[in-house]
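Worksheet for the structure shown next.
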Amino acid sequence: RVAQSKMAERQGESVMEMLAAPQGLLLVAWMAQAGAATLLCWWYLHLLGRLQPAPGTLPPVLVLVPLRGPLPGLEAFLSALGSQAYEGAWHLVLALEHGNDPAYPAAARFVAAQPERATLVLAGAAAMRGQKVQNLLAALDALRPDDAVVVTLDADIIPPPDLLARLLRPVLSGQAQIASGYRWTLPADDASGSELVALAEMGIATLPRCARCNLCWGGATAIRRDALDLPRVWDRAVSDDLMLTRAARAAGLLIYAPLDVRPPAPAGFATLRDALRFGARQYRVLRLHAPRAFALALAAAALPVAGGAAVLLVMPTPVSLACLVAALALQRLRARLRRRIAARVLPAEAAALAARTLRRGAWLQPLVPAFQLLCLLAALAGGRRLDWAGRRYRVDRGGVVSAVQRGPA
């Protein structure tokens, strides 16, 4: 018994020594991150059960939708948008660069069918700003004196019938002057690239948000009319949402994140290269406008990759292998929590697709941090250049466009 006791003491000391080494500290940090990510996912689910204040009045609202074709899901988006159950008055402006845009015919048909609610404007080519921002500014001219809130929506989502009501609730009830949701990306096909992007985006979509450090997402954002001078904020901007985030923080405004605003966003990527190109562009926009958030995302993706590599390549000891098993078990638990969240915030059909993606993607899930890390590292290239929708922009440290070069569409 004495010998066994001494052996146990030596084993305990060796474990402590290993954990105190640099590799051991890496394992500890990895396990802490995995545990925190799981707790945050559970906390998101818990927060969905909170009672929320209802707005006292429902004032008129202006909804802006910038378009650029081709958009395979545009008809579905417009149909869903026309079926919104918001009980207040709202009018819609669809904005395109020119009448030759592939999205123009569908937009024109929608406006012709709802002339009392919808308007179509042609913004013209942008000079020293992003074309999306150019379209938004042209649509903003339709703001009426009694409009209390401006809403921006992206056309690559399928808005549930209550999207406007959920998005506007925090602003109209006085919780914040800005409210912003986030997309719930779903694979539009069975390609591995589509599933990788969907799994990566689900991890972002199911993180709770802090109103003081939240980022706006232009795909579903509501801004109180008197909160910011939007023409000034968007002048010479390439990113509407991240420039809005900068302006809100400079003004000391909260950006409330309604956790039930997660509109489905189908996305298809035929190859892994297409998926990497998309991820790199998204992260490059983040790096140029919110470098601290980019650094945090880089650290979050690098830690599990480094931890897994350390276990498999450097120190495959019983303790490190137990950490690997624990990380995979927590990953499976997060997938179960995300399926429950999807059932709460998504329409039934989209929730079922999200659940199938999470189950089918169990073998892909361990690769998601490596995929995100590759996208983040690719985003470091190119300096302050950003290629987006047929144009090459150069952006200064304030997020302002300093040069625009046209390229192939």
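What to note about this one:
- Restricting segment 112-219 to GluC sites (Glu not before Pro) that sit in a DSSP loop and have at most 15 other Cβ atoms within 10 Å of their own Cβ leaves E116.
- Radius of gyration and Dmax over the Cα atoms of segment 291-408, both given in Å: 19.4, 57
- Cα extents of segment 281-332 along the three principal axes, largest first (Å): 43, 24, 17
- Proximity of backbone amide H atoms, modeled 1.01 Å from N, is registered between A267 and L186, A188 at under 5 Å, excluding neighbours fewer than 5 places apart on the same chain.
- The residues of segment 126-177 have, on average, 33 Å² of accessible surface per residue, using a 1.4 Å probe with all protein chains present.
- Given the alternatives (i) 42, 23, 20; (ii) 49, 30, 25; (iii) 32, 28, 22, semi-axes √(5λ) of the Cα gyration tensor in Å as computed for this entry is given by (i).
- Accessible area per residue for segment 298-356 is 51 Å², calculated with a 1.4 Å probe on protein heavy atoms, without ligands, DNA or RNA.
- Within the accessible area of segment 143-278, the carbon and sulfur atoms contribute 53%, probe 1.4 Å, all protein chains present.
- Among the trypsin sites (Lys or Arg not before Pro) in segment 157-221, those placed in a DSSP loop whose Cβ has at most 14 other Cβ atoms within 10 Å are R212.
- Fraction of accessible area attributable to carbon and sulfur, segment 298-391 (%, probe 1.4 Å): 69 percent
The values are calculated or read from the model by the stated rules, or taken from the named source; none is laboratory data. Treat the numbers as computed from the prediction; the structure is a model and nothing was measured. Reconstructed Cβ throughout: ideal geometry from the backbone, glycine too, with neighbour counts over all protein chains shown. When the accessible area is computed, the model is the full protein with side chains, heavy atoms only, and any ligands, DNA or RNA have been set aside. Shrake-Rupley method; radii C 1.70, N 1.55, O 1.52, S 1.80 Å.
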